[in-house]
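Remarks on the structure that follows.
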């Protein structure tokens, strides 16, 4: 074997993230000049560096190289002893390689982190989830503490201690609720996560209970509205009663009026029927004019083409005229078939031995109807003139 290898020191204590160095001494025990290749094998080979990696030595000469170990500051390399070996291989004789072994004691380190969700709770009660993550290379026991300086919140932590493996996480539940008699409103507090080798991690949180609504501001408008409604009802009730009474009275009057109209229509129909019958038998309008000193009576009758009849009575010293007129218009009016217009008749008589006497008589008959009624009026007008010789 043309080479010998020695480590100084062969046992190292390494703190993650901090480099630790050992020295490798290589001696050429062969008879020729030889080049040697150096490397680190084992778990520590991934975070070890050899400098230089090659040594060229004459026979009997020695050379040195350094090996720098830097353990990563994470959970990939756990705390504890990590064996390694420095391998030296002659360039001309690969089978003559030599491995010198050593140990690196990796120290523990702690990297702790924690999160809380939700941070704020809305309601009468709630629960926070506290997640603790161990970024170190050794298992840790984390404790969950609670700070409430105002003592407004009651708390329940489960579990209060967490076992967190290297590179792992654990979860604790923190239930909170407002204490009885505590002031209303938002209550703030602090959850603290601690572990050996790590400083405390404060997590601020809060709970906001629902607001207590005062009943008076809500009920007062309702009471006012109720009072207004009652007052309005009491004020309008007599009017409503009076209006109902008036409506009943009006309905009664309407019914009475309707009955009166019906009775009047019946009476009118009967009167029209009776008038029609009387007109059919004899409908006459008579006007009589008499002058005094009647000693002789003369009667004359004449008939017109329109169905009228005129009769005159006279004497020697007296003039008297009587006119009776019955026309088709009068008969029709009496029967209610059409309005009664005007009918007139005039008679003149001249008589007397000692003088002249003239008498003129005009009779006018008219009829008018309104609201289902019929009225017949005969208005005589008499003019008498007497002359004595």
By residue number, the members of region 104-130 that are closer than 30 Å to residue 153 by Cβ and outside any strand (DSSP E or B) are 110, 118, 119, 123, 124, 125
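Okay, residues lined up against (1) in contact with a strand residue (DSSP E or B) (Cβ under 9 Å, 6 or more places away or on another chain); (2) in a strand (DSSP E or B); (3) surrounded by fewer than 14 Cβ atoms within 10 Å (Cβ to Cβ); (4) modelled with pLDDT under 95:
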{"position": "1", "(1), (2), (3), (4)": "yes, no, yes, yes"}
{"position": "4", "(1), (2), (3), (4)": "yes, yes, no, yes"}
{"position": "12", "(1), (2), (3), (4)": "yes, yes, no, yes"}
{"position": "16", "(1), (2), (3), (4)": "yes, no, no, yes"}
{"position": "24", "(1), (2), (3), (4)": "yes, yes, no, no"}
{"position": "32", "(1), (2), (3), (4)": "no, no, yes, yes"}
{"position": "38", "(1), (2), (3), (4)": "yes, yes, no, no"}
{"position": "50", "(1), (2), (3), (4)": "yes, yes, no, no"}
{"position": "59", "(1), (2), (3), (4)": "yes, no, yes, yes"}
Could you tell me whether residue 138 is touching a residue at least 40 places away in the same chain (Cβ under 8 Å) and assigned to a strand (DSSP E or B)?
no
Apart from one, (1) surrounded by 13 or more Cβ atoms within 10 Å (Cβ to Cβ); (2) without any contact (Cβ under 8 Å) to a residue 60 or more places away in the chain; (3) farther than 30 Å from residue 140 by Cβ all hold for residue 8; the odd one out is (1)
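Which of the residues spanning region 176-192 are in a strand (DSSP E or B) and more than 14 Å from residue 117 (Cβ to Cβ)?
177, 178, 187, 188, 189, 190, 192
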In region 141-153, residues that are in a loop (DSSP other than H, G, I, E, B) and surrounded by 13 or more Cβ atoms within 10 Å (Cβ to Cβ) total 2
Of the candidates 156, 95, the one satisfying the condition of being free of Cβ contacts under 8 Å to residues at least 24 places away in the same chain and either outside any helix (DSSP H, G or I) or surrounded by 13 or more Cβ atoms within 10 Å (Cβ to Cβ) (or both) is 156
Exception for residue 101 within (1) surrounded by 15 or more Cβ atoms within 10 Å (Cβ to Cβ); (2) assigned to a strand (DSSP E or B) falls at (1)
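The values are calculated or read from the model by the stated rules, or taken from the named source; none is laboratory data. None of these values were measured; they are calculated from a predicted model. All Cβ positions, even for glycine, are placed from backbone atoms using ideal geometry, and neighbour counts span all protein chains on display.
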